[in-house]
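Colleague: Could you have a look at this structure, given as structure tokens, before my questions?
The values are calculated or read from the model by the stated rules, or taken from the named source; none is laboratory data. Keep in mind that what you see is a predicted model, and the values were worked out from it rather than measured. Because the Cβ atoms are built from the backbone with ideal geometry, glycine has one as well, and the counts that use them run over all protein chains shown. When the accessible area is computed, the model is the full protein with side chains, heavy atoms only, and any ligands, DNA or RNA have been set aside. Shrake-Rupley method; radii C 1.70, N 1.55, O 1.52, S 1.80 Å.
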Amino acid sequence: MTILPPFLRASLLVLATTALVHAGSFPDELKVGGFAVGCQAYTFNRFTLFEAIDKTASTGAKVIEFATGQKLSPEEPTVKFNHDAPPEVWAKVKARLAEKGITVVAYGVVALPQDEAVSRKVFEFAKYFGIRVINTESVDSIDTIEKLVKEYDIKVGFHDHPKRPDHPEYKMWDPEYVLSVVKDRDPRIGSCADIGHWVRSGLKPIDCVKILKGRIMSSHMKDLNAPLPSAHDVLWGTGVSDVTAILDEYKAQGFDGPISIEYEYNWENNVVDAAACIGFVRGYGAKK
């Protein structure tokens with residue numbers, strides 16, 4: 001048996017680790033401006049999932065993140081789509097995605113209970129659609145989540161909502177807390193970085209992103225008109241979130257997505273707004 005010298009073993013370990021990291025990167029055909037950026041279906045929650053897919057395609061995005069419980073289509077408005085929907089509904093959605101040239105890359109925010117059999121249904125759903133990241137806030141289920149992440153090779157991101165003064169037990173808004181939960185866990189478990197909710201919590205998003213370096217699995221990107229809990233979405237690059245600096249930091253960290261536009265404003269007619277956000281990232285990539 002050949003025994004490698006220590007320096008060579010170390011070099012091979014670095015190469016293997018780098019290959020593992022890059023194996024999770026998105027192919028160029030799914031990227032805009034260097035990132036797999038698309039729409040969170042919740043952006044179009046006044047509409048059905050089929051309409052959300054169509055609207056996402058019209059923005060110029062190539063990827064989508066599923067929300068939970070959206071109605072299926074105008075033709076079947078009573079059918080709810082999620083991981084509990086029957087296989088024939090999943091098949092209809094997969095066909096619609098293929099028709100529109102849209103790839104689903106994330107799913108959330110969805111509960112992942114400690115009951116392994118229940119959470120496994122979510123992972124099977126993700127496996128069927130080729131979803132890379134499941135976004136959740138089920139921090140108490142970390143042991144179950146880690147087991148399934150290892151089994152399915154699907155990432156999990158812990159999502160942050162804003163700080164809740166009337167509920168001090170809620171800690172997900174704090175990136176230091178999220179880091180404390182995930183730092184000793186499988187490297188495929190980390191943060192679903194919701195930029196706008198950090199702003200609403202009185203935090204500076206770029207600082208949060210740096211705190212979570214290496215542990216950002218996905219991102220809900222928002223640019224807000226003011227650093228206030230009551231702030232609303234505006235076109236990327238026109239608000240207080242400093243989207244350019246965040247994209248710079250994502251790039252420096254080797255994070256290329258998924259980034260989801262979660263545009264929670266102008267609900268009935270926000271396709272143009274979402275398309276402008278895609279255009280911002282396209283322009284960012286062109287400048288770089």
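Colleague: So, in Å, what gap is there between the alpha-carbon centers of segment 157-192 and segment 225-258?
Modeller: 19 Å
Colleague: Continuing with the same structure: Kindly flag which residue pairs out of LYS94/LYS155; LYS127/LYS147; LYS92/LYS127; LYS71/LYS92; LYS55/LYS100; LYS121/LYS155 have an alpha-carbon separation exceeding 19 Å in this structure. Please report the intermediate quantities before stating the final value.
Modeller: Details: LYS94/LYS155 21 Å; LYS127/LYS147 15 Å; LYS92/LYS127 16 Å; LYS71/LYS92 13 Å; LYS55/LYS100 10 Å; LYS121/LYS155 15 Å.
Violating the 19 Å Cα-Cα cut-off are LYS94/LYS155.
Colleague: Still on this structure, I have one more. Once the Cβ-Cβ distance between GLU268 and ARG185 is put in as r, and R0 is 45 Å, what FRET efficiency do you end up with, to the nearest 0.05? If you can, show how the numbers build up before the last one.
Modeller: Working: r = 41 Å, r/R0 = 0.91.
The computed FRET efficiency comes out at 0.65.
Colleague: Follow-up. Report, by chain and number, residues whose modeled amide H sits under 5 Å from the one on VAL32, excluding near sequence neighbours (fewer than 5 apart, same chain).
Modeller: Excluding prolines and chain starts, which carry no amide H, the hits are VAL37.
Colleague: So, one more: Once Lys and Arg get +1 and Asp and Glu get -1 on their Cβ, which of SER201, ALA85, VAL118 lies farthest toward the positive end of the dipole of segment 62-202?
Modeller: ALA85
Colleague: Shifting gears a bit: Once phi is turned into ³J(HN,Hα) by the Karplus curve 6.51 cos²θ - 1.76 cosθ + 1.60 with θ = phi - 60°, what whole-Hz value does each residue of segment 30-39 show in order, with x for glycine and proline?
Modeller: 9, 9, 10, x, x, 10, 7, 10, x, 9
Colleague: While we're on this one: Using only alpha carbon pairs under 8 Å that are at least six residues apart, calculate the relative contact order of the chain and give it in whole percent.
Modeller: Working: 551 pairs, mean separation 54.3, N = 288.
The value is 19 percent.
Colleague: For segment 200-288, what is the number of Lys pairs with C-alpha distance below 19 angstrom, counting only pairs 8 or more positions apart or on separate chains?
Modeller: 9
Colleague: Hey, can you grab everything whose amide H is under 5 Å from the amide H of ARG132? Only 5+ residues off in sequence or another chain; H modelled, so Pro and N-termini drop out.
Modeller: ALA106
Colleague: Now a separate question. Accessible area of LYS62, 1.4 Å probe, to the nearest 10 Å²?
Modeller: 70 Å²
Colleague: Next question, about the same structure. Where the only charges are on Cβ atoms (+1 Lys, Arg; -1 Asp, Glu), what is the dipole of the chain about its Cα centre, to the nearest 20 debye? Working shown, then result.
Modeller: Details: 34 positive and 38 negative charges, 151 e Å.
Taking the Cα centre of the chain as origin, the dipole is about 720 debye.
Colleague: Each residue of segment 264-269 in turn: what ³J(HN,Hα) in whole Hz from Karplus with 6.51, -1.76, 1.60 and θ = phi - 60°, glycine and Pro shown as x?
Modeller: 9, 7, 6, 3, 7, 8
Colleague: May I ask you to compute the full-extension gain from ASN225 to TYR177, defined as 0.36 nm times their residue separation minus their alpha-carbon distance, rounded to one decimal in nm?
Modeller: Working: separation 48, 0.36 × 48 = 17.28 nm, distance 2.66 nm.
Gain on stretching ASN225 to TYR177: 14.6 nm.
Colleague: From the phi of every residue in segment 68-84, what ³J(HN,Hα) in whole Hz does the Karplus formula 6.51 cos²θ - 1.76 cosθ + 1.60 yield, where θ is phi - 60° and glycine or proline is x?
Modeller: 9, x, 6, 5, 6, 7, x, 6, 10, x, 9, 8, 9, 9, 6, 5, 8
Colleague: Full extension from GLN114 to LYS94: what is 0.36 nm times the residue separation minus their Cα-Cα distance, to one decimal in nm? It would help to have the intermediate numbers written out before the result.
Modeller: On the way: separation 20, 0.36 × 20 = 7.20 nm, distance 2.85 nm.
Stretched out fully, the GLN114 to LYS94 stretch lengthens by 4.4 nm.
Colleague: Right, something else. Amide H of ASP233 versus every other amide H placed in the peptide plane: which residues, excluding those fewer than 5 positions away on the same chain, fall under 5 Å?
Modeller: GLU264
Colleague: Going by the alpha-carbon gyration tensor, a ≥ b ≥ c the square roots of its eigenvalues, is segment 145-204 rounded (a/c under 1.5) or, if a/c is not under 1.5, prolate (a/b greater than b/c) versus oblate?
Modeller: Verdict is prolate for segment 145-204.
Colleague: Given DSSP loops and a limit of at most 15 other Cβ atoms within 10 Å, what is the longest stretch of the chain that contains no such GluC sites (Glu not before Pro)?
Modeller: Within the chain, the longest run free of exposed GluC sites (Glu not before Pro) spans 170-288.
Colleague: For segment 132-283, what is the accessible area per residue in Å² when the probe is 1.4 Å?
Modeller: On the way: 6210 Å² over 152 residues.
Result: 41 Å² per residue.
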